[in-house]
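To start, the structure under review is shown below, and the notes come after it.
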Amino acid sequence: MEKFKPVKQEKTVISIRLDVDTLKNIDEISQETDISRNELIVQCINFALKNFKK
């Protein structure tokens, strides 16, 4: 069995500008899924990067 190794990923704080409707949509989805706005945005970015066609 593989051993569990906790890993602390390096993170940084950034600032982004979103239009009002996009932010409202993000907040609605965040509430519906019971995850933070930040975590939702991170998951969306990761999904987009994994599915980006070069």
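The values are calculated or read from the model by the stated rules, or taken from the named source; none is laboratory data. Remember, it's a predicted structure, so these values are computed and weren't measured experimentally. Only protein heavy atoms, including side chains, enter the accessible area calculation; ligands, DNA and RNA are left aside. Shrake-Rupley method; radii C 1.70, N 1.55, O 1.52, S 1.80 Å.
Some points to look at:
- Helix axis angle, 37-50 relative to the chain longest principal axis, alpha carbon, degrees: 70
- Solvent exposure of the chain as accessible area per residue, Å², 1.4 Å probe: 111
- Residues whose placed amide H lies under 5 Å from that of Ile35, excluding near-sequence neighbours: none
- Both radii come from the Cα set of the chain: Rg as radius of gyration, Rh as Kirkwood radius; their ratio Rg/Rh reads 1.08.
- Using a probe radius of 1.4 angstrom, the carbon and sulfur fraction of the accessible surface of the chain is 55%.
- Taking the C-alpha atoms only, the angle from helix 20-33 to the longest principal axis of the chain is near 50 degrees.
- Listed pairs Lys24/Lys54; Lys5/Lys54; Lys11/Lys50; Lys5/Lys53; Lys8/Lys50 exceeding 28 Å between Cα atoms: Lys24/Lys54; Lys5/Lys54; Lys5/Lys53
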